[in-house]
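A short write-up of the structure that comes next.
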Amino acid sequence: MRPTAERGAVADALDIAVVRLPRISNFTDLDALAIEPGVSVRLVDHPAALGDPDLVVLPGSKATVADLDWLRGRGFDRAIARTDVIVLGICAGYQMLGQRICDDVESGRGTVEGLGVLDAETAFAAEKVTRQRRGVAMGQRVSGYEIHPGDDGAVDSSAGALGTALHGLFEEDAFRAAFLIEVARRRGKTFVPAGVSFSAAREAQFDRLADLVDAHLDLQAVLA
C-alpha cells in the first residue's frame, strides 16, 4: 500500500504527486489513497518530476523548517506558486503552506517565512498536542489524530490549497471518496469510487504479514 517513488503517472488514473521531503514522517497518511483503483500515488523529489498531476501533497516532516529550506532550494516553492491544481498540506506540510512559522523550539530559527499560500501562521510550543479528533468535512465523517506543537488555522476562499493537522483522515472511506471525486471534478475528470474498505485492506496486509512470519520464522526457537 506504499506510494511508488520515481515513476511516471499512470495513464487515465488520478495522478497524486507527493513531495518526498528528506525528513518525511507519518507517510502512512498516503496508504489509503494508494489502495484506490484508478489512483496513482507517486513520490517526487524534484519539481521537474511533478509533471501535470491532479493533486500535489506536502506530507508531514520531522523537521519542518529544515524541510522548508530544502523545498525552496529545490524550487518547489516556485512550482507550487505556479500550479493550478489543489495543493494539500498535512501537518508540517500544512505549516509550510502558511504565511510564517514561529519556531524557537525545534530549529531555534525564530520566525521563518512560509510559502504564503494559506492565510495561516504556526507558532511552535514546547509541549506538543497529541490527541484523537473527529469531525465532518465535505459532508462526511472524518477522524484521525494530530501531533503538533502550538496553534494553527487557515482560510483559503479559492480552495486552491488545503491544509490539515489531522493524520489518518483518508482512512474514512466515504470522505476519501468524496475528496477524490472533487479532485477529479476540478481537473475535468471523473472518479468513480470502487467501494474499497481501507480497514479491510489493512487487515489483509496484517494477515499476509502474519502468514509470512508463520511460514518463515521458527517461533518456538524465538520464544525458547
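Which is touching a helix residue (DSSP H, G or I) at 6+ places or on another chain (Cβ under 9 Å) and crowded, with 21+ Cβ neighbours inside 10 Å, of ASP77, ASP67?
Numbers: ASP77 fails: crowded, with 21+ Cβ neighbours inside 10 Å.
Matching residue, one of ASP77, ASP67: ASP67.
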Pairing a residue in the range 159-178 that is over 25 Å from LEU115 (Cβ atoms) with any residue that is of a type in the set (Val, Ile, Thr), where Cβ atoms lie under 6 Å and the two sit 6 or more apart in sequence or on different chains, gives GLU172/VAL142; PHE175/VAL142
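For the condition crowded, with 16+ Cβ neighbours inside 10 Å, part of a loop (DSSP other than H, G, I, E, B) and modelled with pLDDT of 85 or more, what is the one hit in VAL117, VAL192? Show your work before the answer.
Values: VAL192 fails: crowded, with 16+ Cβ neighbours inside 10 Å.
Exactly one of VAL117, VAL192 is crowded, with 16+ Cβ neighbours inside 10 Å, part of a loop (DSSP other than H, G, I, E, B) and modelled with pLDDT of 85 or more, namely VAL117.
With at pLDDT below 85 and under 21 Å from the mean Cα position of the chain (by Cα) as the only criterion, which of ALA174, ALA165, ALA154 stands out?
Numbers: ALA174 fails: at pLDDT below 85; ALA165 fails: at pLDDT below 85.
When all the criteria are applied, what remains is ALA154.
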Counting only residues in the range 120-150 that are in a loop (DSSP other than H, G, I, E, B) and not aromatic (Phe, Trp, Tyr), the one farthest from VAL65 (Cα to Cα) is identified as GLY139
Checked against (1) part of a loop (DSSP other than H, G, I, E, B); (2) closer than 30 Å to VAL196 by Cα; (3) modelled with pLDDT under 95, GLY108 satisfies every condition except (2)
Given the conditions (1) part of a loop (DSSP other than H, G, I, E, B); (2) within 21 Å of VAL196 (Cβ to Cβ); (3) at pLDDT 95 or above, every one holds for VAL10 apart from (3)
Among PHE170, PHE206, the single one that is assigned to a helix (DSSP H, G or I) and touching an Asp or Glu at 6+ places or on another chain (Cβ under 9 Å) is PHE170
Condition set of a type in the set (A, V, I, L, M, F, W, C), touching a residue at least 40 places away in the same chain (Cβ under 8 Å) and in a helix (DSSP H, G or I), scope the range 31-64, selection surrounded by the fewest Cβ atoms within 10 Å (Cβ to Cβ): answer is ALA49
Within the range 60-106, the count of residues that are over 19 Å from VAL44 (Cβ atoms) and of a type in the set (Gly, Ala, Ser) comes to 2
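The values are calculated or read from the model by the stated rules, or taken from the named source; none is laboratory data. Being a predicted model, the structure only gives us computed values, none of them experimental. All Cβ positions, glycine included, derive from the backbone under ideal geometry; neighbour counts span all protein chains shown.
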